[in-house]
Structure formats: structure tokens, C-alpha cells
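To start, the structure under review is shown below, and the notes come after it.
The values are calculated or read from the model by the stated rules, or taken from the named source; none is laboratory data. What you are looking at is a predicted structure, and each value in this text was computed from that prediction instead of being measured. Glycine gets a Cβ as well: all are built from the backbone with ideal geometry, and neighbour counts include every protein chain shown. Keep in mind that these areas ignore ligands, DNA and RNA; they rest on the heavy atoms of the full protein, side chains included. Shrake-Rupley method; radii C 1.70, N 1.55, O 1.52, S 1.80 Å.
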Amino acid sequence: MTNEQLWQTALGEVELNISRANFITWFRDTFILKNKDGLVTIGVPNGFSKEWLENKYNKLILRSLRNVSNDIKELKFLISANSSSPIGPIEKIAGDHHKKSQIENQTQTFKELEADKETNLNPKYTFNNFIVGSFNELAQAAAKAVINSPGEAYNPLFIYGGVGLGKTHLLQAMGNEVIEKYKRKKKVKYVSSEKFTSELVNSLHNGKVEEFKEAYRQIDVLIIDDIQFLSGKEKTQEEFFHTFNFLYQKNKQIVLSSDRPPKAIATLEERLRSRFEGGMIADISQPDMETRLAILKCKTTEKKIIVSDEILSYIAVNVQKNIRELEGALNRIIASKSASLTNPDLTMVAKILNDIINSPKKLTNHKNIIQAVAEFYDINATELINRCRRKEVVYPRQVAMYLMREELKKSFPFIGEKLGGRDHTTVMYACDKLTREFEKNETLQQEINLIKERIYSK
Ligand code: ADP
Ligand code: MG
């Protein structure tokens, strides 16, 4: 099999796993430079693609290649121009398109249609259907202050919280309200950090970087969602930093969201971190029982469907993790033919929601913990397991030790052996230190909760 055949086969599988847009953006102009002794070197057109493929698609690529040839053990990415074909193998694959990606594609364009092309704002997210409780009132108040005086109140506004707790909803509602309040006089743009990066890479590809920069510099309110994905992508961070500074100096408003506070984004450049921390940081935590009920009521009103209070309370009591899941549970009940919505049989309701509600804390093992910690801090799991003493690894390793102790009740020697072959006294010290810190350090508590969320959601 030639390198080209190998790559085409692997790309065929990669394509099935990601959206068409991402596929084109990141895999265009890639090819196999070398395949020797289990190490495959992939040629990529520029530093952005390199970072993105390394950070995000490494596993998927390796898996796809290994499905073709089991001898492949490792990947390397190298910036290099493709000598053979300027378009690369993508076009060839596009011919015998797989069904799944076509379907994925259609649903994606369908979703995109709902949002405004220029602002990326979806009118369905408003403050009218955003329920406020103690869990999110700081974030909501900060958002309102920003809407009243963009660029002046809090800049940047940094909102963080776990998945499904309403970050995107709040950010989008802000954008929509700015447009309405200022009668379209203020230019608003919402993007995910992934989209920001892919636009940047595409502009590089098409020789339109200047247009890209210029477009961003026209914006009055720039909203970037899920900024944690910039972690480890130095080139994108660099470009973002310039855009950020430009807008900031012109008193333009920047709003950011992330699943964790700036401090906890491991490989965020120091200058960006301090910029983020220079504004207002507001968190969104988990809604309490009453708020969950209020949210459910709001959703049924929106859908114009009557659901008995009994059912709503049942859901609110039992589904606690996040708002997305709360909505999911409600939708299931509405969709099911077997439960009456107004005259409910709660055992039926319980049955339908069984797998959402009764997933007791799943059993986990030390490997899951190591994996989740590594992902959270954006480092390599092998670094945690090895003797690596880099500063960026030492702290996450201590967190992993703490979690293995707390969650698995493993012995100190066992933990030491699994994490860098450390002596049990080192583990004891780490667990002790973190236990004490956990009591008083709110950031650590949040980090641990977010990591646990990862461990048990797998
Ligand atoms: P995140 O971006 O934090 O992962 P989302 O903003 O996507 O979460 O929210 C998940 C779902 O929950 C969305 O459908 C959203 O409309 C809904 N939602 C989140 N927060 C609220 C809220 N405070 N009131 C009503 N619905 C909410
Ligand atoms: Mg979101």
C-alpha cells in the first residue's frame, strides 16, 4: 500500500467522525510524508493546522491509521508543502462520499441556518427564556451591565461554568440584546473559539489574513465561546491576543466563556491569562431545586405544552446535573407515547427516565482518573505516569493522587506506583496538602468538581 492509499483510507474514517467543515479545514493539504518503523510523519500546510491536528485529532488520526495498519504506533506532524497535488487527497474522497457525513452535513447546515450568518446569533436565545437564580445571578448581572455600557462596565467579561449550565445561552442572549438595544448600530459577533481558529486558518490558506484581521477589528462586541479550546494552541492564541488588544484599546467589548476559570486553563499564555483576569470573572454553578423547576416550567410554556406539576417536580428532584440534561429529560417525557402528561403515572415516568436518573456513580478506575486529569489540564497522560518533573505536570499529578485516594480509596503505595513511581510518602504529602487546600480554596473545589464530572460522564 502506498502512503497515499494509506492516507486516503484513514481519511475516509476520519471524515466519518467529524463535521464536513472541520474535515475540510483541518485535513486539506495534508499527506503522509513518511511511514517508517511505526512512526508516521504527516505533512501539514501550516503551524495552525499542526497545532490543531496535534491537539485535537491526534487520537482519531492514529486510530484511523491503525485500523489500516496495526504496525503504526506514533504520529508526527511536520509543516511541509505537498509536492504531488495542490488540493491533496480530499477531493478524491469527496467523490465517494459516505452517507453519514452527508447527513451530518445537512443537519449542520440546517442548524447554521437558524443563526444569523454575520453575527452567528440565534434568536431563540433571549433573556426572556433565561431563568435567573442564585447559581447564575452574578453572571447575568454582569451581562446586563455590559449590555448597558459595552466596553465600559467590565472588560473583558469572562464567564465560566460546567457543561450545560447556560454559558452559550447567556452569551447569545447578550449578543441579541445588544443588537436590539442599539438598533443594529453596534456590530456584534459571536464565535466559538474553534470557529475563530478555523476562520483564521482558512484565511491563511486563501491568503486573506489581512481581511480576517480587518473584519475582526470592525467589531464592537466580540463574543467568544468556549475559550478553553485555545489551550495549547500558541499560534491561535498569538493572533487572538493581537485582536484582543486592538479591540480592548479601542474600548470595544470582549466577552468570553470557558468551562473553567482562566487560572485553570493550563497552557494559556501568561499575557492572555492576565488580560482575562483583568476584567470581570463570573461563574455559573448548579441550579437548586426551585430553579430547576422554574426552568422546566419555562420550557413547557415555550413549547406550549401542558405537563403536570407532578411530572415536573419529579424531574426537578431527580435530574440535578445540568440544565441540558434537565431539558433532555423533559423532552423524553413529552416525546414518549406511554406516559400521560396531565394525568401521570409516575412509575411510567420513572421508567422512561431510568437511564438518566439511575445512573449511580459509575465505577471508575485509576486509568480513567489519570485520563480525565490529563485532559483537564491539557497535558499528556504519559507525563503523569512517567517521572516527568516539569512544573506543569507536578500539580496535576498531585490532583490525580488526591482523586485516586478520595474516589478509589487506594493505598498510598499503589497510587505512588501508578503515578511516576513515587514513594508513598510523596503521595501522602500530596493528598494531605490538597485535602487541606480543598477546604478553603474555591477554585480547587471547582476544578475537582469539573474533573469528577469528566471521570463519571465517560
Ligand atoms: P453551556 O454552553 O454552558 O454548555 P447551554 O447554554 O448550551 O450550556 O445550555 C444548555 C441548555 O440549557 C440550552 O438549551 C439552554 O437554553 C438551557 N439553559 C441554560 N441555562 C438556562 C437558564 N438559566 N434558563 C433557561 N434555560 C437555560
Ligand atoms: Mg456552550
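Here are the numbers for the structure shown:
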item: Long-range neighbours under 6 Å by Cβ, at least six apart or interchain, first residue over 15 Å from ILE159 (Cα atoms) within the range 256-276, second open to solvent by 40 Å² or more (accessible area, probe 1.4 Å); result: ALA266/ASP378; THR267/ASP378
item: When residues of the range 235-261 are limited to those that are part of a helix (DSSP H, G or I) and open to solvent by less than 10 Å² (accessible area, probe 1.4 Å), the one modelled with the highest pLDDT; result: LEU247
item: Residue satisfying condition, being modelled with pLDDT of 90 or more and either in contact with a helix residue (DSSP H, G or I) (Cβ under 8 Å, 6 or more places away or on another chain) or assigned by TED's automatic domain parsing to the domain that holds GLY166 (or both), within set LEU222, LEU230, LEU204; result: LEU222
item: Long-range neighbours under 8 Å by Cβ, at least six apart or interchain, first residue touching a residue at least 40 places away in the same chain (Cβ under 8 Å) within the range 37-48, second among the charged types (D, E, K, R); result: PRO45/ARG28; PRO45/ASP29; GLY47/LYS235; PHE48/LYS233; PHE48/LYS235
item: Top-ranked residue of the range 315-327 - restricted to ones that are assigned to a loop (DSSP other than H, G, I, E, B) and in contact (Cβ under 8 Å) with a residue 60 or more places away in the chain, ranked as most open to solvent (accessible area, probe 1.4 Å); result: LYS321
item: Any chance PHE77 is open to solvent by less than 30 Å² (accessible area, probe 1.4 Å) and part of a helix (DSSP H, G or I); result: no
item: Of all residues making up the range 313-340, the number that are aliphatic (A, V, I, L, M) and at pLDDT below 85; result: 1
item: Residue that is nearest to ASN449 (Cα to Cα), among those in the range 142-158 that are within 16 Å of ligand 2 (Cβ to nearest atom) and of a type in the set (A, V, I, L, M); result: LEU157
item: Any hit, the range 288-302, residues being open to solvent by 10 Å² or more (accessible area, probe 1.4 Å), under 30 Å from ASN148 (Cα atoms), in contact (Cβ under 8 Å) with a residue 60 or more places away in the chain and not in a helix (DSSP H, G or I); result: yes
item: Pick from the range 233-249, criterion touching a Gly at 6+ places or on another chain (Cβ under 9 Å) and either outside the structural domain of MET280 (by TED's automatic domain parsing) or touching a residue at least 60 places away in the same chain (Cβ under 8 Å) (or both), ranking: nearest to VAL209 (Cα to Cα); result: LYS235
item: Hey, ARG63 in contact (Cβ under 8 Å) with a residue 60 or more places away in the chain and farther than 14 Å from THR197 by Cα or not; result: no
item: Filter result for THR126 (modelled with pLDDT under 95, open to solvent by less than 50 Å² (accessible area, probe 1.4 Å) and either in a helix (DSSP H, G or I) or more than 30 Å from ASN55 (Cα to Cα) (or both)); result: yes
item: Unmet criterion (only one of (1) within 16 Å of ligand 1 (Cβ to nearest atom); (2) open to solvent by 50 Å² or more (accessible area, probe 1.4 Å); (3) farther than 30 Å from TYR456 by Cα) for GLU214; result: (1)
item: Any chance LEU312 is closer than 21 Å to LYS124 by Cα and open to solvent by less than 20 Å² (accessible area, probe 1.4 Å); result: no
item: Subset tally (residues that are open to solvent by 10 Å² or more (accessible area, probe 1.4 Å), over 19 Å from GLN172 (Cβ atoms) and without any contact (Cβ under 8 Å) to a residue 60 or more places away in the chain) for the range 217-232; result: 2
item: The range 375-393: number of residues that are within 18 Å of GLN445 (Cα to Cα) and in a helix (DSSP H, G or I); result: 2
item: Matching residues in the range 332-385 - criterion: being free of Cβ contacts under 8 Å to residues at least 24 places away in the same chain, open to solvent by 70 Å² or more (accessible area, probe 1.4 Å) and under 23 Å from LYS409 (Cα atoms); result: PRO360, LEU363, LYS367, THR382
item: Residue that is least open to solvent (accessible area, probe 1.4 Å), among those in the range 1-59 that are more than 24 Å from the chain's Cα centre (by Cα) and among the acidic types (Asp, Glu); result: ASP29
